[in-house]
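First comes the structure, then the notes that go with it.
Laboratory data are not the source of any read-out in this text; all were calculated from the coordinates shown. Just so we're clear, the structure is a prediction, and the values are computed from it rather than from any experiment. Cβ placement follows ideal geometry from the backbone for every residue including glycine, while neighbour counts extend to all protein chains displayed.
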Amino acid sequence: MRLSSFLFTGLVKLLVGAFPRWIGCGPEPVQRIYFANHTSHMDTVAIWAALPIRLRYKTHPVAAKDYWGRGVRRYLATQALRAVLIDRTRSDPNANPLAPLIETLQSGESLIIFPEGTRGASAVPAPFKSGLYHLAAQFPTVQLVPVYLENLHRSLPKGALLPIPLTCTVRFGAPLALAAGETKEAFLERARDAVINLAGAAQA
Amino acid sequence: MTAQQKLIWLFGGILVVLVLASLIGALLSKRAGSERSRATLDNLRARVNAWWVMIVVLAVAFALGKTATLVLFGLVSFFALREFITLTPTRASDYVPLVLAFFVLLPAQYILIGYEQYGTFAIFIPVYGFLLLPAAAAFAGDTQEFLERSSKIQWATMICIYCISYGPALLLLKIPGYEDSNPLLLLYLLLIVQLSDVLQYVFGKLFGRTKLAPRVSPSKTVEGLIGGGLSTTLIGGALAWMTPFTPVQALAISFVIVTLGVLGGLTLSAVKRGLGAKDWGVMIDGHGGMLDRMDSVSFAAPVFFHIVRFFFT
């Protein structure tokens, strides 16, 4: 294991625990897109740290290039977490912003995405952006696993530097798939509900 | 026998007990019939396994010395505080007092103990923390449930940092004729408190009929309390050789430790259930959270410290 990722995940575990709860599926080595609610900069590492080590190295977090693309952040994102950077600002209007994600999925590896596109401040996620739908349509065999991150919205509010240590559980729900003929709106709503339902799931 | 030899004997004795507990657990599991007894035994096995880890961690910290023991208890406080704050509804405007509690008060308390500043560490959190935490919250300008929010953070820091830190504070007491033996005193405290919890659990499972306080702590029974409490007090008296106390004194002191431990367990269980939880956390398999293991210690440690400091130094 790389030292930088070891230290980084260790630090995040010390601060927020990141205890995995496999509620609707197990930690199986199949190709997946984990999609989660997004409330803090620790979300990515929390999910990553909650995965068993053998799955971590086949699972790439997706991070915004405008924030994670420079300096120390870039080093942490691309070296420690092996993140895939996505161009949120669409600096090149002709390029498909999902291209790096598609490439990763084509190589057989898994992704962690935050379909809200940005960090929210509440326990309930904002409406999802359409990227998840396009990936689901293009890769029907990849399992779509909803993930709910509990408590992290209290730990590192937007603008704060030091996280408040809180025990965060990472709940993995039952995989969904795009139904035949399902519209984009209906699918995104269903995916978001799957994440919200995990918020109320009893602590196992 | 030197203090070090006594420590080795004691940890050896604890290991023998753990081996026996693991064997008994394995034997019972083989005979378990019903669904319910199987669940109980699975929990028992998880508890015993967690004890193995806790004892090994404690033994390593003791072997490494005072600084390592302080760091270990600093981490225990940290995890306990993390659990307390996780279950306590705080608001975004509590950010500054929470950061102060975790990253200033907690390390400062253990550093003061490390430098043997009794006069300062004894009043640092109860006076300065008490006053400054709400003051820091006032700057955020959020008056909603201000008193409730402040007292939650004050409670968290008092129990998880201040009270627990009295355990390793035993290391700085100067007891005539007992020099270099203070780690034994800390081990004595932990042993009595935890043994009391364990024996109350065992007596409760074997003979428990009458619930003690069903709404606060559903598994506690009067039979468990009396059987476990009395047998622990007797063991405490028999362990007088590891303390600066006479057997009669040890009997009385271990009775006080057991009593305070019960009060701590009940009080923090009431706090926990008031916050809508069954366990404080999940980090110790079979036991729940760090605070489920430290609730009794947090009440017993300060009183034990004061008794020893007042009568024996």
Distance in nm between B:LEU275 and A:ALA179 label points, each 7 Å along Cα→Cβ, equals 4.1 nm
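Which of the peptides B:208-214, B:81-87, B:259-265, B:139-145 is most tightly packed, and how do the rest follow, judged by the mean count of other Cβ atoms within 10 Å per residue?
Per-residue mean Cβ counts within 10 Å order the peptides as B:81-87, B:259-265, B:208-214, B:139-145.
What pairs from B:LYS220/B:LYS272; A:LYS129/A:LYS184; B:LYS220/B:LYS278; B:LYS152/B:LYS220; B:LYS66/B:LYS174 go past 18 Å between their alpha carbons?
Working: B:LYS220/B:LYS272 15 Å; A:LYS129/A:LYS184 10 Å; B:LYS220/B:LYS278 14 Å; B:LYS152/B:LYS220 26 Å; B:LYS66/B:LYS174 14 Å.
From B:LYS220/B:LYS272; A:LYS129/A:LYS184; B:LYS220/B:LYS278; B:LYS152/B:LYS220; B:LYS66/B:LYS174, over 18 Å: B:LYS152/B:LYS220.
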Log entry: pair-distance distribution for the protein assembly as shown, C-alpha pairs binned every 20 Å from zero, whole % per bin is 20, 48, 28, 5, 0
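If we sort A:17-28, B:162-173, B:282-293, A:2-13 on the protection proxy, mean other Cβ atoms within 10 Å, highest first, what's the order? Let's see the in-between values first.
Numbers: A:17-28: 16.6, B:162-173: 23.1, B:282-293: 20.7, A:2-13: 14.7.
Highest-to-lowest ranking by the protection proxy: B:162-173, B:282-293, A:17-28, A:2-13.
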Expressed in angstrom, Rg and Dmax over the Cα atoms of segment B:88-173 are 13.4, 44
Taking a crude spin-label model, label points 7 Å out from Cα along the C-beta direction, the A:SER91 to A:LEU162 distance in nm is 3.5 nm
Counting sequence-distant residues (5 or more places) and residues on other chains, those with an amide H built under 5 Å from that of A:LEU144 are A:ILE33, A:LEU176
Inter-chain shielding metric for B:228-235, i.e. average beta-carbon neighbours from other chains within 10 angstrom, reads 0
For segment B:112-129, Karplus-derived ³J(HN,Hα) couplings (6.51, -1.76, 1.60; θ = phi - 60°; whole Hz; x for glycine and proline) come out as 4, 5, x, 8, 6, 8, 4, x, 7, 5, 6, 10, 4, 7, x, 9, 6, x
With segment B:1-52 reduced to its Cα atoms and the Debye formula applied, log10 I(q)/I(0) at q = 0.17, 0.26, 0.28, 0.29 1/Å amounts to -0.57, -0.92, -0.99, -1.03
Distance in Å, no decimals, from the C-alpha centre of segment B:228-275 to the one of segment B:55-133 is 24 Å
Averaged over residues of B:81-87, the number of beta carbons from other chains lying within 10 Å of each residue's Cβ is 5
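Note the direction-averaged projected area, equal to a quarter of the hull surface, for the Cα convex hull of chain B, in nm². All intermediate terms of the calculation are to be shown ahead of the outcome.
On the way: hull surface 65.6 nm².
Taking the Cα atoms of chain B, their convex hull projects to 16.4 nm² on average.
Using alpha carbons only, what's the Rg to Rh ratio of segment B:144-288 with Rh from Kirkwood? Don't jump to the answer; show the numbers that get you there.
Values: Rg = 17.3 Å, Rh = 16.9 Å.
That ratio equals 1.02.
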Taking only the alpha-carbon positions of segment A:32-109 as identical scatterers, the Debye log10 I(q)/I(0) at q = 0.18, 0.26 Å⁻¹ comes out as -0.78, -1.44
By the Cα gyration tensor axes a ≥ b ≥ c (a/c under 1.5 gives rounded; else a/b larger than b/c gives prolate, otherwise oblate), the shape of segment B:1-128 is oblate
Amide H neighbours of A:LEU85 at under 5 Å, excluding residues fewer than 5 places away on the same chain, with H built from the backbone geometry, are A:ALA63
Here the equivalent ellipsoid of chain A, derived from its Cα gyration tensor, has semi-axes (largest first, whole Å) of 23, 20, 17
Simple spin-label estimate for B:LEU132/B:HIS306, 7 Å along Cα→Cβ, in nm, reads 2.4 nm
In Å, the C-alpha Rg and Dmax of segment A:89-137 are 12.6, 35
Scoring chain A by relative contact order with C-alpha pairs under 8 Å, at least six apart, yields a percentage of 31 percent
The ³J(HN,Hα) series, computed from each phi in segment A:170-179 with the Karplus coefficients 6.51, -1.76 and 1.60 at θ = phi - 60°, rounded to the nearest Hz and given as x for glycine or proline, is 10, 9, 9, x, 6, x, 10, 9, 5, 7
tail above 20 Å in the computed P(r) of segment B:221-313, as % of all Cα-Cα pairs, reads 44 percent
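How many percent of Cα pairs in segment A:78-178 exceed 19 Å? Can you show the working numbers first?
Numbers: 2769 of 5050 pairs.
For segment A:78-178, the share of Cα pairs beyond 19 Å comes to 55 percent.
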The distance between the Cα centres of segment B:141-176 and segment B:10-39, in whole Å, is 36 Å
The long-range amide H neighbours of A:GLY17, using H built 1.01 Å from N in the peptide plane and a cut-off of under 5 Å, are A:CYS168
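Enter the mean number of other protein chain beta carbons within 10 Å of the beta carbon of each residue in A:163-172, as an integer. Show your work: numbers first, answer last.
On the way: counts 2, 12, 13, 9, 12, 2, 3, 0, 0, 0.
Neighbouring Cβ atoms belonging to other protein chains average 5 per residue here.
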For segment A:18-27, Karplus-derived ³J(HN,Hα) couplings (6.51, -1.76, 1.60; θ = phi - 60°; whole Hz; x for glycine and proline) come out as 6, 7, x, 10, 8, 8, x, 7, x, x
Distance in Å, no decimals, from the C-alpha centre of segment B:279-305 to the one of segment A:22-85 is 33 Å
